[in-house]
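A short write-up of the structure that comes next.
The values are calculated or read from the model by the stated rules, or taken from the named source; none is laboratory data. All of these numbers come straight from a predicted model, not from anything done at the bench. Positions of Cβ are generated from backbone atoms using ideal geometry, with glycine treated the same way; all protein chains shown enter the neighbour counts.
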């Protein structure tokens, strides 16, 4: 194996790892749901789950090293869906809190 082939392979693996880790962070911050149960092909689903597990592992180890508590939400039943309902609930809760603060003043 030549050096240029090794360099290209390392670049691809590094980029894939960064993407997996980014998806894990977005999942934990509840910006997207990483759902794999909706994938009909078991082999593809298995490899996608293992790919996402790499990012989860990196985030877990980094947070543990830095002492940052972070929750790991479960994966659900589709592929990638935005959690708009959760965001809407949070916005409504915050707007009610703001309205209550203005009423108290």
Some residue of the range 10-25 being more than 13 Å from the chain's Cα centre (by Cα), modelled with pLDDT under 85, surrounded by 11 or more Cβ atoms within 10 Å (Cβ to Cβ) and part of a helix (DSSP H, G or I): no
Residues located in the range 39-61, provided they are outside any helix (DSSP H, G or I) and surrounded by 12 or more Cβ atoms within 10 Å (Cβ to Cβ): 39
The one condition in (1) touching a strand residue (DSSP E or B) at 6+ places or on another chain (Cβ under 7 Å); (2) at pLDDT below 75 that residue 86 fails to fulfil: (1)
Residue match in the range 66-75 (condition: at negative phi and at pLDDT 85 or above): yes
